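**Q** If you scroll down you'll find the structure; I have some questions about it.
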Amino acid sequence: MPEALIIDAARTPRGIGKVGKGALADFHPQRLAATVLGALAERNHLNTADVDDVIWGTSSQRGKQGGDLGRMAALDAGFDIRASGVTLDRYCGSGITAVNLAAAQIMAGMEDLVIAGGTEMMSYGATGAAGGDPEARGMDSGNLHLRRIHPQSHQGVCADAIATMEGISREALDELAYVSQQRADAAIKGGHFDKSLVPVLRDDGSVALDHEEFPRPQTTREGLAALRASFEAIANAPADADGTTLAGMINRVYPDLKIQHFHHAGNSSGVVDGAAAVLLASPDYAAKHGLKARARVVAMANMGDSPTLMLNAPVPAARKVLAKAGLKQEDIDLWEINEAFSVVAEKFIRDLNLDRETVNVNGGAMALGHPIGATGAILIGTMVDELERRGLRRALITMCAAGGMAPAIIIERV
């Protein structure tokens with residue numbers, strides 16, 4: 001079976017995901033995707049006619065983010081018309097899934113050169129094309145029927161529920177958020193992201209954004225402690241046709257749980273815009289075209305867990321991908337668990353008994369932001385860079401996704 005080689009990775013900076021405030025908020029999502037596709041093609045001297053597919057992750061596929069961004073962004077980037085494209089949705093896990101599917105195609109011998117990644121314009125999704133449409137808000141009859149089978153609440157309420165169930169304190173969650181900001185600041189100042197980061201240009205060639213826009217390095221423990229919990233009002237507001245609240249949906253499955261509210265803007269992932277891509281090739285194609293591999297894909301896995309708690313699949317996903325690879329935890333040098341909420345990373349570290357110095361070493365989404373469909377590809381590229389920078393061998397990357405899922409991947413530096 002051929003190996004799937006990672007040749008290169010590129011991403012945009014993450015812009016604040018608010019209209020009128022973020023530097024990327026007036027861009028079309030297609031243009032952000034085209035930015036990273038174009039960068040990979042240019043710096044690797046690709047003949048884009050050889051690109052078998054562009055596999056793209058985007059979670060909110062409505063309006064501007066509909067219409068198969070994978071294909072349209074490739075055309076926008078000037079790729080040969082023979083480079084096909086497809087767009088998928090596994091919610092937050094879309095970016096990892098795109099890379100996993102690209103690797104699987106290559107390992108199956110069906111493709112030789114694939115680009116995988118994702119885009120999410122949260123500034124657009126927040127103002128969304130949905131408006132007051134009940135179907136777009138998940139209140140149509142089909143979704144209400146599913147909610148009766150598997151109650152699915154709001155992710156922030158789920159995060160608070162898990163922290164309550166696990167006995168994880170507000171102080172512990174805030175401490176992880178503080179560490180994330182400090183590590184992200186050190187990584188930015190140390191140039192740890194420079195190899196993958198490409199500036200976003202306007203049509204006139206001027207720079208729209210060439211740096212991370214979201215981090216708040218001035219964050220203090222005291223400042224985090226002073227922030228008011230964000231999800232209590234949401235949890236207690238009617239969210240179903242019968243008046244059931246979002247907290248009540250969780251209580252249908254966990255009736256004795258009295259949810260405490262710990263998560264807020266400082267210990268939850270940031271709302272940002274961004275795009276990222278990973279270039280993968282077969283060994284034969286790489287050898288014939290002078291492409292030097294930076295890493296290889298060791299194993300991939302997908303895992304489902306409780307859709308009611310929603311955020312707990314990363315730990316079983318990590319265990320599953322380790323088993324597929326025939327590896328033990330001590331064989332992994334670096335771990336990336338997306339900081340959708342502080343409790344996700346904190347529970348991951350505790351359940352696997354990990355050395356904190358090996359987890360999210362450059363900070364995470366609490367400091368840098370989480371552009372949903374793009375984040376997985378960002379994290380994979382970050383780990384390729386960091387394995388090289390530190391001279392280490394293997395990294396495991398995973399993340400929670402809505403619906404109670406988690407994709408995972410192990411990569412190894414070449």
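**Q** Report the residue count in region 246-255 for those that are more than 12 Å from ARG147 (Cα to Cα) and either surrounded by 11 or more Cβ atoms within 10 Å (Cβ to Cβ) or in contact (Cβ under 8 Å) with a residue 60 or more places away in the chain (or both).
**A** 3
**Q** From the residues in region 221-243 that are touching a helix residue (DSSP H, G or I) at 6+ places or on another chain (Cβ under 8 Å) and under 16 Å from SER342 (Cβ atoms), which one is surrounded by the most Cβ atoms within 10 Å (Cβ to Cβ)?
**A** Once the filter is applied, the top-ranked residue is PHE231.
**Q** Which ones in region 137-146 are at pLDDT 80 or above and either surrounded by 12 or more Cβ atoms within 10 Å (Cβ to Cβ) or aromatic (Phe, Trp, Tyr) (or both)?
**A** Listed by number, the list holds a single entry, LEU146.
**Q** Here's something else I'd like to know. Which one of GLY70, GLY95 is open to solvent by less than 20 Å² (accessible area, probe 1.4 Å), touching a helix residue (DSSP H, G or I) at 6+ places or on another chain (Cβ under 6 Å) and assigned to a helix (DSSP H, G or I)? Walk me through it before giving the result.
**A** Numbers: GLY70 fails: touching a helix residue (DSSP H, G or I) at 6+ places or on another chain (Cβ under 6 Å).
Being open to solvent by less than 20 Å² (accessible area, probe 1.4 Å), touching a helix residue (DSSP H, G or I) at 6+ places or on another chain (Cβ under 6 Å) and assigned to a helix (DSSP H, G or I) holds for just one of GLY70, GLY95, which is GLY95.
**Q** Of everything in region 148-191, what is open to solvent by less than 40 Å² (accessible area, probe 1.4 Å) and either farther than 24 Å from GLY270 by Cβ or touching a His at 6+ places or on another chain (Cβ under 8 Å) (or both)? Give them in sequence order.
**A** PRO151, GLY156, ALA159, ASP160, ALA163, LEU173
**Q** For region 48-66, which residues satisfy the criterion of being touching a residue at least 60 places away in the same chain (Cβ under 8 Å), open to solvent by 10 Å² or more (accessible area, probe 1.4 Å) and either of a type in the set (Gly, Ala, Ser) or in a loop (DSSP other than H, G, I, E, B) (or both)?
**A** Selection gives ASP52, SER59, SER60, ARG62, GLY63.
**Q** Pairs only if they're at least six apart or on different chains, beta carbon under 6 angstrom, first in region 300-312 and closer than 13 Å to THR97 by Cβ, second open to solvent by less than 10 Å² (accessible area, probe 1.4 Å) and not in a loop (DSSP other than H, G, I, E, B); list them, first residue then second.
**A** What qualifies is MET300/ILE409; ALA301/ALA317; ALA301/VAL321; ALA301/ALA408; ASN302/PRO407; MET303/ALA317; MET303/ALA406.
**Q** Identify the single condition in (1) under 21 Å from the mean Cα position of the chain (by Cα); (2) closer than 30 Å to GLU3 by Cβ; (3) not aliphatic (A, V, I, L, M) that LYS18 does not satisfy, given that it satisfies every other one.
**A** Condition not satisfied by LYS18: (2).
**Q** Just the residues that are over 23 Å from GLU212 (Cβ atoms) and open to solvent by less than 20 Å² (accessible area, probe 1.4 Å), please, taken from region 382-401.
**A** Listed by number, the residues that qualify are LEU396, ALA401.
The values are calculated or read from the model by the stated rules, or taken from the named source; none is laboratory data. As the structure is a computational prediction, the values presented were derived from the model and not from experiment. Cβ sites come from the backbone with ideal geometry, for glycine too, and all protein chains shown count toward neighbours. These accessible areas exclude ligands, DNA and RNA; they are computed on the full protein's heavy atoms, side chains included. Shrake-Rupley method; radii C 1.70, N 1.55, O 1.52, S 1.80 Å.
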